[in-house]
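The values are calculated or read from the model by the stated rules, or taken from the named source; none is laboratory data. What you are looking at is a predicted structure, and each value in this text was computed from that prediction instead of being measured. Note that each Cβ is placed from the backbone with ideal geometry, even for glycine, and that neighbours are counted across all protein chains shown.
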Amino acid sequence: MGAKLEKLPLNKKDKRGPSSKFGKFDVVLLVILLIYALAIIFPFYYLFIISITPQDIYAESPFLLWTPRITFDAYQSVFENSQIWNGLKITLILLFGGTAYQLFFTVITGYALSRNKWFGKNFVMNMIIVTMFFGGGLIPYYILIKSLGMTNTIAVMIIPGAIDTFNMLLMRNYFASLPKELEESARIDGANDIQIFAKIFLPLSLPMLATVGLFFAVGNWNSWYNGMLFNQDPSIRTLQQVLQSIIVKESSMIPSVNPGAINNESIKMAAIFFTIIPMMCFYPFLQRYFVKGIVVGAIKG
Amino acid sequence: MDGILIEKKQKKDKSLGKYIYRSRFLIMMIIPAIVYYILFCYVPMYGVLIAFTDFSSSEGIMGSVFNHWIGLKNFETIFNLQDFWRVFLNTIFIGTTKVIIAFVSAVTVALLINEIRLRFFKKAVQIIVTFPHFLSWVIVASLFILMFSDNGSINQIIRGMGGNTVGFLSEDHLFLGLIFGSDIWKEAGWGSIIYIATMAGISTDLYEAADIDGATRLQKIWHITLPGIKATAILLLIMSVGGVLSAGFEQIFNMSNDMVEEASEIIDTYIYNTTFVSHQFREGVTTALGLFKSLVGFVLVITTDRIAKACGERGII
Amino acid sequence: MKTKIILLGAVASMCLFGCKNNNGADEYDGDKLKVSFRNLYFDNYSGGDSYIKEVEDMFGLSFKLEPYSWQDWTTQVNGHVLAGNSPDVFHANIDSYNFVSYYKYWAEDKVIKQLPDDLSNWPNLKRMIDNTSNIEALKLDGHLYGIPIAKNTTDFSTSFSPFTYLYRRDWAKQYGVYQENDEYTWEQFNTLLDKFNRELSGKRKFALGDVEWGFPSITNFYKQVPHCFAYDETERKYVNNYSTDEYILGLEKSKEFAITDKYYSSDQYTATEGKMNEKYYSNQCGVLYENLSYSNMEALRIQLKRTNVNDKDFNVDDATAIMKIKGPDGKYALEGTDNWFSMTFINNNISEMKLNKILDLYDWLLSESGTNFAIYGFEGYDYTKDETGKVEIVRDRWYNDDGSLIDRVNGAKYLRYMLSLGYDTLEYDPMTEKSVVQYLNDWDAQMKTALADGELRVLKESPEVMWLTSEKKALHSGTLRTNALKTVTKYVFDKIKSINDYKSDRAISNGTWDQVLDEINTVLGGN
């Protein structure tokens, strides 16, 4: 099963028959996909336009595809807002600290479960599967977090995420797909399970680690739910929480630096754009890792 | 050190102690996971006892169980609420529709992308359409509200063409459409990846044979590509059944408004609102709500799994 | 098998964990006792000024001050109460029908601390509490579990919360619909809205905006009570306000405004908190229905000045004029609430010593010297006082010599907000804009006269109903009002077409209403 996965090509050359001429069918396809891609892109464009529109133009014009006058004051307001930077700081802590922590526990669990029979494996596996389909609900979870003393801490956004079952199974499937001979020969040399894992399997699975790490990183970048539930302290709000309160709640919380020139809508949009930009920049280069991950993980199930 | 040689027949011969000893390193590696799952998944399951009590936070769970046990009264309370049944049906409807729509849209996008022959274009489209998956609902919801509010760009275009304002955010059915639409916008591209990969794995011999028979491209899609992804599709469908009752808290929490709450409120947002906003229920009632949701979800998964197995497909449990 | 036993053991040990109750021991920062406060009115305050340090030194306390945001205040309070990590002192909204039930629950469940029955050690605090109207309603078995934030007066003029209309007098003058002294008859009000609408439509502007929880404000000119429970004189019992004939008249008028006339922004019904306020100070809205406190007025004025900084002719007084509208019956109508709408609570986990220190602090803040410190600052530095007690401000609080704004914050003033919101010091606080205070007082005086002349209807919730506690009311009343308002909004914006559909809507007419009303009528029946 595993060996086959390696060969699954994603963008392999199309060899489906001789009809390689560009027909009507292709034109229709192309148009549909172009419209689809535009539908994805347009909201971002619109968002950007509003973020650079001055107040007077915004208030007077019903619809904007382009603005006659451009102002970047909204961005300046966002940059000068201490809550945004504080949110960014918290999010970066999650991004680096959280991702490393989650990666460690998820990977060792995935490895242990990928090995052949050992004492208690089935029991642990069943124990994990049950949690995928049954949970205690909000209040018991809340009481647990409370009794662990984790409310109002950054820890609550990291610790409970130690193992993500989906990513853990992804890792397990990947480890299981690596050739068994590697383990056997290492055993003959007298290595134990931990040594085999650290010296042989880990170096071989760097691309997969990157994938899972990226999944965690994105999750941490977008993290707000646990923070919203458990943290009332405004000084440990994540970037997304700050963003949410700018967008939906405290609409006027950012005072404008250049009063009169910008509208509140612009500031909100600038704040959103500010959080999207890093992902927009990195995503095209990292996309293949994400794709690889989900393919390996899901095909095995 | 011959751990790899543990075979079934040998296991009986060796003593349990040796078996454990041989597994000791792997057990060491799994201990954090055991602690983790017990702590964060099983302890809350034990907390569902709250559902049978008139919970008192100063006495804790055990104290409440001994001193404030009220049996099924909390369930009686919720089953007697009109709101509850409305919310429950909303959840089933939204959850089920989402599963179906996610499936159909992902397969459609996969077919479209799979048929594209310009490699560069294919790659670019894939990058663009998978991107929204990585945005949080905070952002996606605000994008959609920006576009679809009564003064948003879509309505401005409609008015510009002489039409009347369409209440995307205020008419129940249109708002539900928006919920499903934003789900497609965000997830269809990402969901298609797995199908594209499966399609790439279909043997090219089949297509070549079809070409010799003079099949059109649509015929090839119908007779070769779609049957080729059937197994994967069914597996993913079963997997998603477990999430039907979750129906997307983050999405609805961020997108909904008072006007459409009646049609869009789901169990999770209802629990959140009654706990933190309206302060309507004591902890016991809210826990009973959560427990009920869990139980129904569990039954759904088991049932689907059995049906799939009965139809000769691979189950998941 | 063995692991199953281990598992059970682990679960059992977690049970004990879950029972653990953390009783906060006093913590010190150096030799200062740490105490944490959380209050809605710390919103604009970040701490660290020399005034707050002085207070800390005076009482040997180290403050941790955190704000709530107005928009999710209740959510935050419920969150930290549920999480068991409430600050030592916190501030909660008590303006909901089911407040009494969770106030009781908090007291029984030892979330909040009982105040000493005998407050004679803290005479200023005692005086304030004793002067608060309707204080008995807040006592459970004779004990008080929190300090209602009072306007500190039994005077009528500030005993209602004046929700009213602000409008752009400058636009009214420009469009030729201005009426002398901002007094409008019902017809003139309609004409003004119509004119505003004509001039503004087609842009991102509109004539009328209601603060989100005040929508639809037009019903005020028709209905008898602000929210759920109206008293039917002929039937001699409480009925659902939302289905009374008066309310429905107001509803029809609101619908006319929204659908036929299009005075409201079409985003009104999806507006989140603060949205209409924001539209108003962004020059996008002509008339705003708002809660008219000094602080709200001040906030609006500051924002309006910011928006219009480039407009040389802009006059902020003209942009925030109070509109005095007589309804179709020729009377003014104002929504009133009780003397207080929020309360300061003390965490049950704190020690008696800390409680005493907090009460000492509160008593001082309400004393003459404390009030002077909070309002004027350091004696001899910020102000001087002669033998007759006349205060002279030595330092200008607003401007430096070069005309730039002084950003000087007095933390003691914010501390004092935990008790009085500053209503009692508004008139002589040098930080307030006297002309605005005067303007509000004038309006207040005019309303008082109107009331005496029978020209003003005050819509007030009956305290008996508000503070009645019963099982069904506790369970349902938290959502009765919000659900009904959703249906009201739907009707106004024509999502519910006919009045019959409205009347038979589940949120307006259902078994829950009947149950709650039955209970209320049983308890309060016969009067």
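Overview of values
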item	result
Residue B:107 being surrounded by 18 or more Cβ atoms within 10 Å (Cβ to Cβ), more than 7 Å from chain A (Cβ to nearest Cβ) and either under 23 Å from residue B:222 (Cβ atoms) or of a type in the set (A, V, I, L, M, F, W, C) (or both)	yes
Check on residue A:67, touching a strand residue (DSSP E or B) at 6+ places or on another chain (Cβ under 9 Å) and either more than 8 Å from every other protein chain (Cβ to nearest Cβ) or part of a helix (DSSP H, G or I) (or both)	yes
Residue match in the stretch A:162-171 (condition: away from chain B (no Cβ under 11 Å), within 28 Å of residue B:239 (Cβ to Cβ) and among the small types (Gly, Ala, Ser))	no
Count - residues of the stretch C:261-299 that are more than 14 Å from chain B (Cβ to nearest Cβ), assigned to a helix (DSSP H, G or I) and surrounded by fewer than 22 Cβ atoms within 10 Å (Cβ to Cβ)	6
Single condition residue C:409 does not satisfy, out of (1) outside any strand (DSSP E or B); (2) among the hydrophobic types (A, V, I, L, M, F, W, C); (3) at pLDDT 85 or above	(3)
Conditions (1) modelled with pLDDT of 85 or more; (2) facing another protein chain (nearest Cβ under 9 Å); number of the one not met by residue C:21	(1)
Residue in the stretch A:201-219 that is closer than 28 Å to residue B:253 by Cβ, touching a residue at least 12 places away in the same chain (Cβ under 8 Å) and within 9 Å of another protein chain (Cβ to nearest Cβ) present	yes
Pairs, first closer than 15 Å to residue C:351 by Cβ and facing another protein chain (nearest Cβ under 8 Å) in the stretch C:107-118, second of a type in the set (Ser, Thr, Tyr) and assigned to a loop (DSSP other than H, G, I, E, B), C-beta under 7 Å, six or more apart	C:110/B:58
Filter result for the condition that a residue is free of Cβ contacts under 8 Å to residues at least 24 places away in the same chain, touching a Ser or Thr at 6+ places or on another chain (Cβ under 8 Å) and of a type outside the set (S, T, N, Q), over B:63, B:95	B:63
Test: residue in the stretch B:121-128 that is more than 10 Å from chain A (Cβ to nearest Cβ) and surrounded by fewer than 17 Cβ atoms within 10 Å (Cβ to Cβ)	no
Sole exception among (1) more than 7 Å from every other protein chain (Cβ to nearest Cβ); (2) under 30 Å from residue B:299 (Cα atoms); (3) among the β-branched types (Val, Ile, Thr) for residue B:30, by number	(1)
Answer residue from the stretch A:94-116, given it is surrounded by fewer than 16 Cβ atoms within 10 Å (Cβ to Cβ) and within 11 Å of another protein chain (Cβ to nearest Cβ) and is farthest from residue A:193 (Cα to Cα) among those	A:104
Cβ-Cβ under 7 Å pairs, at least 6 apart or on other chains, the stretch A:67-92 side of a type outside the set (D, E, K, R), far side loosely packed, with under 14 Cβ neighbours inside 10 Å	A:86/A:235
The stretch B:209-236, residues that are more than 9 Å from chain A (Cβ to nearest Cβ), small (Gly, Ala, Ser) and touching a residue at least 12 places away in the same chain (Cβ under 8 Å)	B:228, B:231, B:233
Condition check for residue A:90: in a helix (DSSP H, G or I) and facing chain B (nearest Cβ under 10 Å)	no
Filtered residue count, the stretch C:358-370, keeping only those that are more than 22 Å from residue C:106 (Cβ to Cβ) and part of a helix (DSSP H, G or I)	9
Only one of C:329, C:311, C:317 that is assigned to a loop (DSSP other than H, G, I, E, B), farther than 27 Å from residue C:37 by Cβ and away from every other protein chain (no Cβ under 14 Å)	C:329
Close pairs (8 angstrom Cβ cut-off, 6 or more residues apart or separate chains): on the phi > 0 side of the Ramachandran plot and facing chain B (nearest Cβ under 7 Å) in the stretch A:131-156, outside any helix (DSSP H, G or I) and surrounded by 23 or more Cβ atoms within 10 Å (Cβ to Cβ) anywhere	none
Qualifying residues in the stretch B:40-65 (those that are facing another protein chain (nearest Cβ under 7 Å) and aliphatic (A, V, I, L, M)) - the one farthest from residue A:163 (Cα to Cα)	B:62
Number of positions in the stretch C:462-480 that are surrounded by fewer than 20 Cβ atoms within 10 Å (Cβ to Cβ) and either assigned to a helix (DSSP H, G or I) or in contact with a strand residue (DSSP E or B) (Cβ under 8 Å, 6 or more places away or on another chain) (or both)	5
Matching residues, the stretch A:14-33, being assigned to a loop (DSSP other than H, G, I, E, B) and at pLDDT 70 or above	A:22, A:23
Pair list, Cβ < 9 Å and 6+ apart or interchain, from the stretch B:135-153 residues that are more than 14 Å from chain C (Cβ to nearest Cβ) and in a helix (DSSP H, G or I) to residues that are among the small types (Gly, Ala, Ser) and surrounded by fewer than 24 Cβ atoms within 10 Å (Cβ to Cβ)	B:137/B:182; B:137/B:248; B:140/B:182; B:143/B:182
Residue check for residue B:31: modelled with pLDDT of 85 or more, surrounded by 15 or more Cβ atoms within 10 Å (Cβ to Cβ), part of a helix (DSSP H, G or I) and not small (Gly, Ala, Ser)	no
Helices (runs of 4 or more DSSP H) completely within the stretch B:260-317 that count 3 or more residues being among the polar types (S, T, N, Q)	B:283-310
Qualifying position, being among the hydroxyl-bearing types (Ser, Thr, Tyr) and either modelled with pLDDT under 85 or surrounded by fewer than 21 Cβ atoms within 10 Å (Cβ to Cβ) (or both), among C:491, C:428	C:428
